[in-house]
Amino acid sequence: MTTAEATGCRVRRLGAPRIPVGYSPVLEAQSRVTAADIAASARGLLGTRQ
């Protein structure tokens, strides 16, 4: 039994998209998970919007 199953928590996997990483900084930034992405995912699990 996992911790999420034992506590009844919702779980969401967050990761980089399955795309080739570009060589320019702009393309590389598109494949990176940012702090804002993580915060938005956490807010989504909690049911809050900001």
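Here are the numbers:
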| item | result |
| --- | --- |
| Test: residue in the range 27-34 that is open to solvent by less than 70 Å² (accessible area, probe 1.4 Å), among the hydrophobic types (A, V, I, L, M, F, W, C) and assigned to a helix (DSSP H, G or I) | yes |
| Set VAL11, VAL21, VAL33: member being out of contact with any strand residue (DSSP E or B) (no Cβ under 8 Å at 6 or more places or on another chain) and at pLDDT 85 or above | VAL33 |
| Among residues of the range 35-50, those that are among the small types (Gly, Ala, Ser) and in a loop (DSSP other than H, G, I, E, B), counted | 1 |
| Selection count, the range 35-50, where residues are loosely packed, with under 11 Cβ neighbours inside 10 Å and either charged (D, E, K, R) or within 11 Å of the chain's Cα centre (by Cα) (or both) | 3 |
| Within the range 1-16, considering residues that are open to solvent by less than 70 Å² (accessible area, probe 1.4 Å) and under 16 Å from the mean Cα position of the chain (by Cα), the one nearest to ARG32 (Cα to Cα) | ALA16 |
| Near pairs, Cβ below 8 angstrom, 6+ apart or cross-chain, from the range 1-13 (closer than 18 Å to ALA40 by Cβ) to any residue that is in a loop (DSSP other than H, G, I, E, B) and of a type in the set (Asp, Glu) | none |
| Residue check for ILE19: part of a helix (DSSP H, G or I), among the β-branched types (Val, Ile, Thr) and open to solvent by 70 Å² or more (accessible area, probe 1.4 Å) | no |
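The values are calculated or read from the model by the stated rules, or taken from the named source; none is laboratory data. Values in this document were obtained by computation on a predicted structure and should not be read as measured data. All Cβ positions, glycine included, derive from the backbone under ideal geometry; neighbour counts span all protein chains shown. For accessibility, only protein heavy atoms count, side chains too; no ligands or nucleic acids. Shrake-Rupley method; radii C 1.70, N 1.55, O 1.52, S 1.80 Å.
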